[in-house]
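None of the figures in this text is laboratory data; all of them are computed from the coordinates on show. As the structure is a computational prediction, the values presented were derived from the model and not from experiment. FYI the Cβ positions are ideal-geometry reconstructions off the backbone, even for glycines, and counts take in every protein chain you see.
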Amino acid sequence: MKHSRGNLIATIIPIFVLVSVAASGWYFYNSRVDGLLEGESVLRAQLVSEKNSKEELTSMLEKIMAEKMEMETNLQQEAKEAVLATAGLESELENRQITITELLANESMLQAELIAKTNSKDELAAILEKTMAEKMGVETTLQQEAKEAILTTIGLESELENLQITITELLANESVLQAQLISEKETQEELVALLEKSLAEKTDIETTLRQETEKAMLTTSGLESELEKRQAEQKSLHEEITTVSGEKSQLLIQLEQEQKSKQRIANLKNRLEQELNESRVEISQLKNRLTVIKLTSEVLFSSGSAQIKPTGQKVLSIIAESLNAYPGRAISVEGHTDNRPMVQNARYKSNWELSVARGLAAVNYFQQNNQVDPKRLKVIGYGEYRPVSSNETAEGRKLNRRIEIRILPPDNTDISQN
């Protein structure tokens, strides 16, 4: 009886160990599936930034699936062999333990590869620590169950049947997982295509943004340059406005002076015409504020003479009053003649001498009784060499015989030319 009990225990222990191994395999299988599903979620989240790792990840998943299928096939075969034969179970158990150890080692390697490929070292390290803790828990549980198996043999065959059912469920789950992996692979390909499209769109957007930025910078630079130009123009216009305002004030003053000068000239001309009872006086005012009073010689002198007639003295007195209205301006008195030669018994030998004598006579009259400040006076004789008309006619010669009194511009004391 004792021997039979020993044989029974010797038979049950390997079977229990085999069952435990199968349970452990099933547990690790489920843990592995959960880990793979969690890894799949992590991989799916990282697909956007790991485009170039697609083929490596796919190869790694295929390798894991192949190892899983191989492990399940081995477990199924071992379960069948455990049911059919118990001889050499201990030796086979040792071999299976070695296989489990190798599978665990492969799992560690796969975990290390997954850590290196997904750049999720911390998360996978946490998963690995959790797996190791679960592994230690399983080992502890197996030890406890082994002790309990020594004490209890009831229900062992039922557990073996349950194990067979579990293996069948595992095979069914494997088919489901394969279908899920195929679906995940298709989803992965779609995600990769979407990622490529997104990257292309991102590149286009970056190119557009860069071009828009460059265009905006050029536009901003152009606007700044235009603004500086406008500010310079505004400053220049302001300066011009200031200058024009000053010039306008000066022009207004000058215009007012010219209006007064014109009025004086008009009054002078009226008085001279009334005095002479005829229009033998020509008064003109040029743009440079030069005023010219032209008198024919007959108004002031007798023929061939430089002595001023009484009527001419009255005319020069009237002109002197007008000259004193321009106290700060120089006055040039010019004598002119026609081209007729002087008679032999004449006092003056040439028309030039006669023109100078007549101009000097007018100057002397102006300075008598301080009528005009002599510092302002100049005298010039041009003779016959500055005609204003043709000497071929009597009327032309009459116009050429003249005295011109020029009121020079304020900024010019030189004798002006015709």
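Highest mean first, the peptides 386-396, 300-310 sorted by other C-beta atoms within 10 Å per residue fall in the order 300-310, 386-396.
Going through the cross-link list Lys349/Lys378; Lys68/Lys202; Lys378/Lys398; Lys349/Lys398; Lys80/Lys185, which pairs have a Cα-Cα distance over 31 Å in this structure?
Beyond 31 Å between Cα atoms: Lys68/Lys202; Lys80/Lys185.
Taking every Cα-Cα distance in segment 280-407 and sorting them into 5 Å bins starting at zero, the pair-distance distribution P(r) comes out as 2, 11, 22, 25, 20, 12, 6, 2, 0 percent.
Rounded to the nearest Hz, the phi-derived 3J(HN,Hα) couplings of segment 192-203 under the Karplus curve 6.51 cos²θ - 1.76 cosθ + 1.60 (θ = phi - 60°) are 5, 4, 5, 4, 4, 5, 5, 5, 5, 5, 4, 4, where x marks glycine and proline.
Each of Thr73 and Ser249 was given a label point 7 Å from its Cα along the Cα-to-Cβ line. The distance between the two points is 11.2 nm. Within the same chain, aspartates and glutamates fewer than 8 places from Lys314 are excluded, and of the rest, those with a Cα less than 15 Å from its Cα are Glu273, Glu275, Glu278, Glu298.
Counting Lys and Arg as +1 and Asp and Glu as -1 over every other residue whose Cβ lies under 15 Å from the Cβ of Val356, the net charge comes to +3. Between amide H atoms placed 1.01 Å from N, distances below 5 Å from Glu384 occur with Thr337, Trp352, all of them 5 or more places distant or on a separate chain.
Modelled spin-label separation between Leu218 and Ile205, with each label point placed 7 Å from Cα along the Cα-to-Cβ direction: 2.5 nm. Label separation (Ser284 vs Ser303): 2.8 nm, computed from points 7 Å beyond Cα along the C-beta direction.
Multiplying the residue separation of Ser158 and Leu171 by 0.36 nm and removing their Cα-Cα distance gives an extension gain of 2.7 nm.
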